[in-house]
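Quick notes on the structure that follows.
Every number in this text was worked out from the coordinates using simple rules, so none of it is lab data. Since the model is a prediction, treat every value here as computed from it, not as a measurement. Here the Cβ positions follow ideal geometry from the backbone for every residue, glycine too, while neighbour counts run over all protein chains shown.
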Amino acid sequence: MARKTLLKNKALIIGCGRLGASIANKISKEGKNVLIIDRSESSFELLDDSFSGYKIVGDVTDTATLEEAYITSAKDVVIATGDDNVNLFLAYLSREIYDVPNIYVRLDDPDLASLLDGKRVNVILPFQLSLDKFSFMRGGK
């Protein structure tokens, strides 16, 4: 129980691709508790040498792996695997089963975002972010 209390206000990052690793590095540099899970140990090579968080190799769709990563006490969960279906599943688990206060999920398909509307989940849409960067063209030639 002491370890669980120690990690009470941590951020859990699910997926150690470019986005997940970048977020984990940033949070670690800010001095916050961070734990990152990925199915491939080689993915952790994307983390900075100064990364001071915890790393877990495992199947993120297995609730035992999520519980090993203390999802039950996570303040923030960032879901950034490369699979939208897995990300949706994990967003629902994080909200419905584990009652995580702050959930962020990356989805590549903007049409899937409607599945999470009003569900206390923050959706990150790289497509929309990229499109918004071209807003300067709206009134252009």
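Structure summary
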{"item": "Table column - 3J(HN,Hα) (Hz), the range 72-81, Karplus curve with 6.51, -1.76, 1.60, x for Gly and Pro", "result": "5, 10, 6, 7, 10, 10, 10, 10, 9, 6"}
{"item": "Amide H contacts under 5 Å for Ile36, placed H, 5+ residues apart", "result": "Ile13, Tyr54, Lys55, Ile56"}
{"item": "Protection-proxy order for peptides 25-32, 36-43, 90-97, each taking the mean of Cβ atoms within 10 Å per residue, highest first", "result": "90-97, 36-43, 25-32"}
{"item": "Förster radius 41 Å - calculated FRET efficiency between Lys32 and Asp117, Cβ distance, rounded to 0.05", "result": "0.90"}
